[in-house]
Each structure stands twice: as structure tokens, then as C-alpha cells.
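Heads up: the structure comes next, in C-alpha cells.
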Amino acid sequence: MKSHTESEENYLKAVFSLLPEQSDEQGMVHTNAIAQHLGTSAASVTDMVKRLSDKGLLVYKPYRGVSLTLAGQKIALNIVRKHRLWEVFLVEKLGFSWDNVHDIAEQMEHINSPELIRRLDTFLEFPKFDPHGDPIPSETGEIQTRETYRLNEIKAGQAVTLVGVTSDESNFLQYLDKLGLNLGAKILVTDRIPFDNTLQVQLGDLQIMLSGKVASCLDVMKEA
Ligand SMILES: [Zn+2]
């Protein structure tokens, strides 16, 4: 397989992660959004997207933005797959906490050995989700979906299970640890304060308050 530079792979991954939420009606992501996401200048984004479009990995329309070609999407999915498998490995086999693995996985995701990843997947017994609850794409690029909601959308009286977090930021994850909010936690929404969207929830025997912002970063599934 032809290999790509780390930087090229990071651009493809950035476009892939921005597409679901930041694309326009034509499914294009604006180059400014990419620049912001990667913390780089618009000019260097333009250079890189031209290069990636020459390689057939992106479709680039000046002033409009970019989308992924099938080849580009395949590479992005593979990087995401490797990233998430390494995160599972770091947490489950090396005992890292979930707030400490993202930056390490950012480096490990660029190791280019399909055989290594196949063996890693087997060693981990084919996990479907990473330690943050994000789905791990299969070797052929399929992503398992499930019906999740953000906790801030949940009405009082509804019981839910925490299945994912939408932020990898360590201070956020450490805060969840402090509250005892781990993946799999059973939560009952007991009250909502309309003024600022604070949620009162029951977690085990505890009643805790969650800000609307924190609740909006928690993916949950409804209990029957
Ligand atoms: Zn990560």
C-alpha cells in the first residue's frame, strides 16, 4: 500500500471528523473549519488540500471547501481505526486512564503495518468501541451505529446508560472520573433547571448536578 506523510493523514482525518457536523448542503467542509480544527493557517491548509486533491484523496473546490474521495475516506477510516484500537490497548492492557491515551494514540495511529493492526485487533478480541465510546471502524471500513442521545436532550424521569463522551480533553475526562461517571454508568434524570439547562441526575445513591455544557458532551442510550 502506498504510504502517506503523517501530516497528510492528519488532514484526511480532520476532514473526516468535520464532515458529519460542519459540512454544507453539498457535503463540503470549508477550509477555514479545517484550519481552525488543526490550529494552522488558512494558507497552509490550501496548499495541503491542493496536494491531496492532486493525489486523488480529496475533492477541492476553491472558495467552497473539500470533501473526501473514496480513496481518501478509506485512508481516514484506517487512521481512525488504528487510533481507537491503540486507545483500547493502552487502557485495557497497559492500564492507562482514559484521559491519558489520546495524545499517545495520535502518534501510534501513523504506524503503517496492516499485519500489526490485524494482530492487535485479534489480541484485543475485536473491540467495537474505544474507551471514549467511539465506534472502531472494521478493517473494511464499516462503522457500527447505535441510537444515542446527548444527555442534555433527555427529559426528566428517563433512565439512561452512559455510552460515550464527545470530548477527549483530559480535564473533562478527569472531572467525569471525579463524579464517578464512567462508561456504562446508569443515570436517571430527575430534574432539569430550564434557566441554564442544569440537569439533576441520580447516579447510584447520589444526586448530582451537571451543567448543560457537560451534559451536552455525554452520549447516552435510553433504558427501556
Ligand atoms: Zn483519541
Picking from PRO114, PRO131, the residue that is farther than 18 Å from PHE16 by Cα, away from the ligand (no atom under 16 Å from the Cβ) and touching a residue at least 40 places away in the same chain (Cβ under 8 Å) would be PRO114
Kindly indicate whether ILE79 is within 13 Å of the ligand (Cβ to nearest atom) and in contact (Cβ under 8 Å) with a residue 24 or more places away in the chain.
yes
Check segment 116-137 and report whether any residue there is of a type in the set (Gly, Ala, Ser), surrounded by fewer than 12 Cβ atoms within 10 Å (Cβ to Cβ) and at positive phi.
no
Residue in segment 82-100 that is nearest to the ligand (Cβ to nearest atom), counting only those that are surrounded by 22 or more Cβ atoms within 10 Å (Cβ to Cβ) and of a type in the set (Lys, Arg):
ARG84
For residues that are exposed (fewer than 13 other Cβ atoms within 10 Å of the Cβ) and under 19 Å from the mean Cα position of the chain (by Cα), scanning just segment 101-111, find the one that is farthest from the ligand (Cβ to nearest atom).
GLN107
Would you call ILE154 of a type outside the set (Ser, Thr, Tyr), touching a helix residue (DSSP H, G or I) at 6+ places or on another chain (Cβ under 9 Å) and more than 23 Å from ASP103 (Cβ to Cβ)?
yes
In segment 1-109, which helices (runs of 4 or more DSSP H) lie fully inside it and hold 3 or more residues that are of a type in the set (Val, Ile, Thr) and within 30 Å of ARG119 (Cα to Cα)?
70-92
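Results for (1) more than 27 Å from VAL160 (Cβ to Cβ); (2) outside the structural domain of PHE96 (by TED's automatic domain parsing); (3) assigned to a loop (DSSP other than H, G, I, E, B), shown as yes or no for each residue.
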{"site": "ASN112", "(1), (2), (3)": "yes, no, yes"}
{"site": "GLU115", "(1), (2), (3)": "yes, no, no"}
{"site": "ARG118", "(1), (2), (3)": "yes, no, no"}
{"site": "THR122", "(1), (2), (3)": "yes, no, no"}
{"site": "PRO127", "(1), (2), (3)": "no, no, yes"}
{"site": "GLY133", "(1), (2), (3)": "no, no, yes"}
{"site": "PRO137", "(1), (2), (3)": "no, no, yes"}
{"site": "THR140", "(1), (2), (3)": "yes, no, yes"}
In this structure, does PHE123 turn out to be modelled with pLDDT of 95 or more and within 15 Å of the ligand (Cβ to nearest atom)?
no
Residue identified as touching a strand residue (DSSP E or B) at 6+ places or on another chain (Cβ under 9 Å), part of a helix (DSSP H, G or I) and either aliphatic (A, V, I, L, M) or more than 16 Å from the ligand (Cβ to nearest atom) (or both) among LEU162, LEU181, LEU173, LEU199
LEU173
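The values are calculated or read from the model by the stated rules, or taken from the named source; none is laboratory data. Remember, predicted model here, so these are calculated numbers, not experimental data. In this analysis, Cβ positions are derived from the backbone assuming ideal geometry, glycine residues included, and neighbour counts consider all displayed protein chains.
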